[in-house]
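The values are calculated or read from the model by the stated rules, or taken from the named source; none is laboratory data. Just so we're clear, the structure is a prediction, and the values are computed from it rather than from any experiment. No Cβ is skipped: glycine too gets one built from the backbone with ideal geometry, and neighbour counts run over all protein chains shown.
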Amino acid sequence: MRYLQCPNELDLNNLGPHVHKIFMAGGITGVGDWQSEVIGKIFSPRYVYKDLVFINPRRADFDIDDPGSAEKQIEWEHRYLNQVDEIYFWFPKEAKCMITLFELGWALGANKKVKIACHPEYIRAFDVREQVKLRAPWIKIYESLDELYENFYVL
């Protein structure tokens, strides 16, 4: 397993077709480090045979008030979202996740493989469920991070 955290870089195109690349999209500001939690629980002996790369947009240090930092963050996320095989989405109850909503709409429109977890108390839970139902009714929406990593698999 490999792990890429923003703002670090990794040339995903040179990893080969056998490497499965997963982007961790979801709440960051005001939300605990759920990305590390999910990755830590998924990375277990039952999955070590898979060649995985987890891409985490959460920076260790980020100044949200610096427009230059925000621009670099958005560009970094855009670049890697376009290169991955799968996107994990988490909509927690603690944040609005406006960018994540935008990314979900894009991913569904681009026919990206996604896994979605949406806390029942997320402020826009109804919208997430309805949009997914209309655009991709075959996608199951989990209600917790536990359900997300319990249903982890790589095709």
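General remarks:
- Qualifying residue in the range 102-109 (condition: part of a loop (DSSP other than H, G, I, E, B), surrounded by 14 or more Cβ atoms within 10 Å (Cβ to Cβ) and at pLDDT 95 or above): no
- Where ASP63 falls short, out of the listed (1) touching a helix residue (DSSP H, G or I) at 6+ places or on another chain (Cβ under 7 Å); (2) free of Cβ contacts under 8 Å to residues at least 24 places away in the same chain; (3) part of a helix (DSSP H, G or I): (3)
- Just so you know, in the range 140-155 the residues that are surrounded by 15 or more Cβ atoms within 10 Å (Cβ to Cβ) and outside any strand (DSSP E or B) include one that is modelled with the highest pLDDT, and it is LEU145.
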